[in-house]
1. Check off (1) of a type in the set (A, V, I, L, M, F, W, C); (2) in contact with a Cys (Cβ under 8 Å, 6 or more places away or on another chain); (3) in the same structural domain as Tyr212 (by TED's automatic domain parsing) for Ala254 and give me the number that stays unchecked.
2. Hey, does the range 70-81 have a residue that's in contact with a Leu (Cβ under 8 Å, 6 or more places away or on another chain) and either under 30 Å from Ala22 (Cα atoms) or assigned to a loop (DSSP other than H, G, I, E, B) (or both)?
3. Being modelled with pLDDT under 95 and surrounded by fewer than 19 Cβ atoms within 10 Å (Cβ to Cβ) is the requirement here; does Arg24 meet it?
4. Given the criteria assigned to a helix (DSSP H, G or I) and in the same structural domain as Ala58 (by TED's automatic domain parsing), does Val361 qualify?
5. Report yes if Phe275 is within 22 Å of the chain's Cα centre (by Cα), modelled with pLDDT of 95 or more and in a helix (DSSP H, G or I), otherwise no.
6. Does the range 339-350 contain at least one residue that is at negative phi, β-branched (Val, Ile, Thr), outside any loop (DSSP other than H, G, I, E, B) and touching a helix residue (DSSP H, G or I) at 6+ places or on another chain (Cβ under 6 Å)?
7. Scanning the range 229-253 for residues that are among the hydrophobic types (A, V, I, L, M, F, W, C) and in a loop (DSSP other than H, G, I, E, B), which turns out farthest from Ala195 (Cα to Cα)?
8. With the checklist (1) touching a strand residue (DSSP E or B) at 6+ places or on another chain (Cβ under 9 Å); (2) in the same structural domain as Asp265 (by TED's automatic domain parsing); (3) part of a loop (DSSP other than H, G, I, E, B); (4) not polar (S, T, N, Q) in hand, flag the one item Val140 doesn't pass.
Amino acid sequence: MARHTVVTMPGDGIGMIVLPEAVRVLEAVGFDAEYVHADIGWEFWRSEGNPLPDRTLALLDRHKLGLFGAITSKPKREALAELDPALRDKGLVYFSPIVAMRQRYNLDVCIRPCRSFGGNPLNFVRQTTDGGMDEPFVDVVIFRQNTEGLYCGLEWTDPPAQVRDALATHPKFAAFAGTPGPDLAISTRVFTRNACHRIVKRAFEYAREHGYRSVTVCEKPNVLRETSGMMEEEARRVKVDFPEIALWSTNIDAQMMWLTKNPEDYGVIVAGNMFGDIVSDAFAGLVGGLGFACSGNIGDDIAVFEPTHGSAPKYAALDPHIVNPIAMILSAAMLLDHVGESAKAERIRAAVTTVVSEGRVRTYDMLKIPGGPDAFRKGAATTEAVTDAIIAKL
């Protein structure tokens, strides 16, 4: 019997392409695991009215460890329009299955490393004062609070009377009091002290364990005084136990400017759900884009690892496959770290580093050319060829 069982959830689009590549690498590095397929995604919303079927939850309940590909999510009207006609008028509402999974299992700690690979032509460069070029080494790890904030799902169009009455107790709502219900949409941003404390503490613990000199809270406390203020307050409390690590604070909008001026100054960044989503994509853009962006969603009992890219349906049907599998492979390496197989994880990262630096095998994004069948004529490698090269280095 295998030592571990991994629930594999390819999902939609290119998720079905890149996830098997990650499994190939895990097998090649000698990870002792069995892989159990689980259904998730748009197909199951359309046919069953549930993109996260109970049978998939049962597998996660049992095995506690998941590897996820990518998901397609569409706006409310489009989602309803694609639902099986037999399921319409039943009050079904589409909700992202990965968000639902995070909330169900309280996968509240999201870790998103963004590290440069030497020789990657997509790395961030800047001009020096003498007209030369400088390529700073970016090594930033974003800790994103994963279950609360604006993504918590508490929202309404035409809010019920009791919601309006509650909002009316706040003087700022007076400006909206005369707005007709169908013309009023509300999304709430909810932070809890316990979740703020937990994500900040994990960020500081990670910084200490891995030798980072600073933790930066990236929020907007000058405007979002209550929610961002609570995150900053908890960060100051946690900081007391980590005297060797500096605590910095940046506003999310200013951070978007600073990260393209001095990205090497930052180490660990912690933020709420939406701002963490934004800042992690921004830093990912400095180290090669979403083709290199991995992540882990970690709770007390269950952990799910995934690339942060979407399902990219326009590329899913291409044959041969064109997309970059490295983000998915690096997510699998994070899974290895989580289960105590860090030596194997480091072997994978070293193999990726070598393949990227050699530059002989590159997908279309790394060649800075448009995606599509013509990319192969211009020297782009297939998805499988990149995986083959990484396995060869192992």
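1. (2)
2. No.
3. No; evaluated as a whole, the condition is false for this residue.
4. no
5. Criteria met by Phe275.
6. Yes, the range 339-350 contains a residue that is at negative phi, β-branched (Val, Ile, Thr), outside any loop (DSSP other than H, G, I, E, B) and touching a helix residue (DSSP H, G or I) at 6+ places or on another chain (Cβ under 6 Å).
7. So the residue we want is Ile245.
8. Result: Val140 fails condition (3) only.
The values are calculated or read from the model by the stated rules, or taken from the named source; none is laboratory data. Note that the coordinates shown come from a computational prediction; the quantities given were computed from them, not determined experimentally. We place every Cβ from the backbone using ideal geometry, glycine too, and count neighbours over all the protein chains shown.
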